[in-house]
Every structure is written in C-alpha cells, then in structure tokens.
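Pasting a structure here, questions to come.
What follows is calculated from the coordinates using simple rules that are stated; it is not laboratory data. None of these values were measured; they are calculated from a predicted model. Every residue, glycine as well, gets a Cβ built from its backbone with ideal geometry; the counts of neighbours run over all protein chains shown.
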C-alpha cells in the first residue's frame with residue numbers, strides 16, 4: 001500500500017539557506033505533504049502567507065532583511081495577517097537560552113534546534129497536530145500559551161485569574 | 001521576558017476549539033500515522049542521505065568565509081559564519097566541526113552579552129579547529145569532542161577574566 005499524501009495540507013518554509021530550504025521541502029514531501037511554498041526571508045514569507053495561506057510554517061530565525069522573530073510577530077499581530085493562529089515552528093541553530101526565550105516571546109509555537117533530524121522535525125509536527133495550545137493575548141504578547149507543563153510546586157508570582165496559590169484561586 | 005503583574009487583569013485566552021486547526025478528522029489520523037510510520041521515516045532518512053553532499057558543500061563554503069574572517073577582528077562576521085556551520089554541519093556528516101563552531105558562537109555571544117573583549121587567540125584556535133574538523137577525511141567525533149571541550153574550557157577561562 002502506498003503512503004498517503006496530504007493534498008490539502010500546505011506548508012511554508014521560510015529559510016535563507018537554499019540547501020536547508022531544499023532539505024526541509026524534501027522531508028515534508030517524504031511525509032506526504034506535497035504542497036510546500038518557500039521564501040528566503042521574513043518579508044517574502046509574509047507575502048507568501050497572505051497569498052498561499054499555508055496550514056503551518058517552518059521558519060529560520062536569522063535572515064535578512066526581516067528575521068524570523070519579526071516575521072512571527074507580523075503573522076501574529078499585523079493587521080492583514082491571514083491567520084494569526086497558524087502554527088509556526090522556528091528552526092534555528094541559536095541554542096542560547098536568551099534567544100530561545102526571545103523566539104518563544106515572539107509567538108513561536110514550537111522550537112526545532114538545528115542540526116535538523118527527521119525524528120525531531122516529525123515530533124514538532126506531531127505536537128502541532130496533537131497538542132494545539134490555547135492562544136493568549138495580553139498587553140505585551142499574542143501567541144500560543146507559553147505554559148507547557150503544570151508546576152505544582154510553583155509559588156508565584158501569579159499572573160492569571162485561574163492561577164492558584166496554596167489552593168486558593170487568585171482573582 | 002518579565003511579565004507585568006497587572007496581567008492578572010489584562011489577559012484573554014482563546015481556547016483551542018475557538019480557532020481553526022491545520023488538520024482534523026481523518027486527515028489528522030492519517031498524518032499522525034504517517035508521522036510515526038517506519039516507511040515515512042525510511043523515506044526521510046533517504047532524503048537526509050541524498051542531501052548530505054549538498055550540505056557538505058555548503059558547510060565548506062561557510063568554513064572558507066570563516067577562515068577569511070579569522071583575522072578581521074569582526075566578531076559579528078565570525079559569529080555569522082560559525083552560526084551557519086553549527087546549523088548545517090551535522091547534516092553534512094561533520095558533527096565535530098558543528099560542535100566546535102557551536103562553541104565559538106557561544107563564546108562570541110557570551111562575550112557580547114558581557115561586553116567583554118573578544119580574544120583573537122581564542123577565536124583563531126576555534127577557527128583552525130573548525131577548519132581541520134571540516135576537512136578531515138573521516139569525522140573523528142570523539143577527538144572532535146575533546147577539542148570542542150578544551151576550547152570551550154579555554155573560552156570560559158577567558159570570559160571569567
């Protein structure tokens with residue numbers, strides 16, 4: 001039996017390195033996702049977003065003139081964004097903590113560290129499919145809920161009405 | 001990022017059910033199956049192997065640029081090349097070169113954050129090691145790991161002043 005193809009699923013790869021772009025496209029093809037749009041930086045990525053309306057996005061972080069963080073912020077918050085809720089996987093070699101946190105705070109859904117491995121790429125796509133997250137809008141942030149796990153020992157600071165301190169709901 | 005305490009009053013949450021999902025129903029089941037199927041993984045690994053030569057070529061071109069930047073004293077330029085190498089090297093079968101380049105990136109990043117002077121002797125050692133590791137006939141990962149560790153220790157000592 002031949003592997004299924006996902007004719008209605010559209011991906012966008014935003015990556016300035018042509019070899020990596022080609023690798024990601026081919027890996028998505030191997031998965032059965034045949035419609036893969038490409039862009040070499042954030043600005044053209046956003047143009048592709050508007051025109052092609054992909055179902056999920058893989059983006060690099062470091063690109064010129066518009067990097068992956070600004071691209072993500074634009075997708076999430078710009079007027080005229082075709083889908084502020086689209087899953088965005090940031091594919092990057094930047095493994096320094098402050099950069100990872102910067103990506104998270106820009107509204108990235110998943111983070112995939114380079115070098116790319118098949119297993120890790122597929123795991124991130126699985127996360128998108130199986131564990132979508134609520135979206136949070138605050139004065140300084142719009143994007144997927146950055147809370148990924150329960151921390152029963154956490155003692156604050158409390159930031160949400162639903163948060164509980166010592167079993168008492170914060171209002 | 002430091003969140004403001006007044007977010008208790010200002011935050012709104014959109015539940016998953018209230019916005020469109022990329023896949024649903026039968027397609028979701030099929031995609032989930034494809035993501036974990038042995039056939040898909042095999043096909044993807046084949047892609048990785050096929051692309052390895054292109055990736056190696058790309059890494060070597062970045063290594064040439066890194067070598068050219070070695071004596072420039074331009075930390076940003078060195079970082080940019082080393083960053084590309086650390087991202088691509090393992091996909092080109094050059095694991096050691098990637099690890100050493102990662103160490104150089106971390107050193108430059110940390111020096112920048114601390115506003116410390118970048119030691120040219122340290123960056124030169126990193127660049128030479130990346131260059132040798134990327135041109136090695138076989139990727140002697142164990143030896144490369146040792147080199148990366150030693151260089152990282154040297155960089156940490158320099159940063160500690």
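Work out the mean other chain Cβ neighbour count within 10 Å for the residues of A:46-56 and drop it here as an integer. Please list the in-between numbers first.
Values: counts 0, 0, 0, 0, 0, 0, 0, 0, 1, 4, 2.
That works out to 1 on average.
Contact order normalised by length for region A:10-94, with contacts defined as Cα pairs under 8 Å and 6 or more residues apart; what percent is it? Walk me through the numbers on the way to the answer.
Values: 153 pairs, mean separation 26.4, N = 85.
With pairs under 8 Å counted, the relative contact order is 31 percent.
For region B:13-161, go through all pairs of different Cα atoms, get the mean of 1/r, take its inverse, and jot down that Kirkwood value in Å.
Evaluated on region B:13-161, it is 17.5 Å.
If you don't mind, another one. Indicate the gyration tensor shape class of the protein assembly as shown (rounded, prolate or oblate), computed on the Cα atoms with a ≥ b ≥ c the square roots of the eigenvalues: a/c under 1.5 is rounded; otherwise a/b larger than b/c is prolate and the rest oblate. Each step should come with its number before you reach the end.
Details: a/c = 1.93, a/b = 1.26, b/c = 1.54.
Judged from the Cα gyration tensor, the protein assembly as shown comes out oblate (a/c at least 1.5, b/c at or above a/b).
So for A:100, B:130, fewest C-beta neighbours within 10 Å to most, what's the order? Don't skip to the end; give the middle numbers.
On the way: A:100 17, B:130 35.
So the ranking, lowest neighbour count to highest, is A:100, B:130.
With a 10 Å radius around each residue's Cβ, average the other Cβ atoms per peptide and rank B:72-79, A:41-48, highest first. Write down the numbers at each step before the final one.
Numbers: B:72-79: 15.6, A:41-48: 20.1.
For the peptides B:72-79, A:41-48, the packing ranking is A:41-48, B:72-79.
Could you state the angle between the C-alpha long axis of helix B:95-114 and the longest principal axis of the C-alpha atoms of chain B, as a value from 0 to 90 degrees rounded to the nearest 10?
90 degrees
On to the next question. Quickly estimate the mean residue ellipticity at 222 nm for chain B, helices only: each DSSP H run with n ≥ 4 gives -39500 (n - 2.57), and the total goes over all residues, rounded to 500. Each step should come with its number before you reach the end.
On the way: 7 runs with 118 residues, N = 161.
Per the formula, -24500 deg cm²/dmol.
Under a point spin-label approximation (7 Å from Cα along Cα-to-Cβ), what is the residue A:79-residue A:113 distance to one decimal in nm?
4.1 nm
Give the average, rounded to an integer, of partner chain Cβ atoms located within 10 angstrom of each Cβ in B:92-103. Let's see the in-between values first.
Values: counts 2, 0, 1, 1, 0, 0, 3, 0, 0, 1, 4, 0.
Shielding by partners across B:92-103 averages 1.
When the convex hull of the C-alpha atoms of region A:33-143 is computed, what volume per residue in Å³ does it have?
On the way: hull volume 11.9 nm³, N = 111.
Looking at region A:33-143, the number lands at 107 Å³ per residue.
Still on this structure, please answer the following. When you look at the Cβ of every residue in A:80-88, what mean number of other chain Cβ atoms sits within 10 Å?
On the way: counts 0, 0, 0, 3, 2, 7, 3, 2, 0.
Average neighbour count from other chains, rounded to a whole number: 2.
Among B:33, B:135, B:83, whose mean-square fluctuation peaks in a Gaussian network model of chain B (Cα, cutoff 10 Å)?
B:33
Using a Gaussian network model of chain B whose springs link C-alpha atoms within less than 10 Å, name the residue from B:149, B:32, B:56 with the highest mean-square fluctuation.
Looking only at B:149, B:32, B:56, the largest GNM fluctuation is found for B:32.
Between residue B:153 and residue B:113, what FRET efficiency comes out of the Förster formula 1/(1 + (r/R0)^6) with R0 = 25 Å and r the beta carbon distance, rounded to 0.05? Let's see the in-between values first.
Working: r = 19 Å, r/R0 = 0.76.
Between residue B:113 and residue B:153 the formula returns 0.85.
Taking the mean number of other Cβ atoms within 10 Å as a proxy for protection, how do you rank B:60-66, B:103-109, A:64-70 from highest to lowest? Walk me through the numbers on the way to the answer.
On the way: B:60-66: 19.1, B:103-109: 23.4, A:64-70: 17.3.
Taking the mean over residues of other Cβ atoms within 10 Å, the ranking is B:103-109, B:60-66, A:64-70.
Rounded to two decimals, what is Rg over Rh for region B:64-138 when you use alpha-carbon atoms and the Kirkwood radius? Working shown, then result.
On the way: Rg = 11.6 Å, Rh = 12.1 Å.
Ratio of gyration radius to Kirkwood radius for region B:64-138: 0.96.
Let me ask something additional. If you average the sequence gap of Cα pairs under 8 Å that are 6 or more apart and divide by the length of chain B, what percent do you get for the contact order? Numbers along the way, then the final one.
Values: 145 pairs, mean separation 32.3, N = 161.
Relative contact order of chain B: 20 percent.
Among B:133, B:82, B:44, determine the one that fluctuates most according to a GNM of chain B built with springs between C-alpha atoms less than 10 Å apart.
Among B:133, B:82, B:44, the largest mean-square fluctuation in the Gaussian network model of chain B belongs to B:44.
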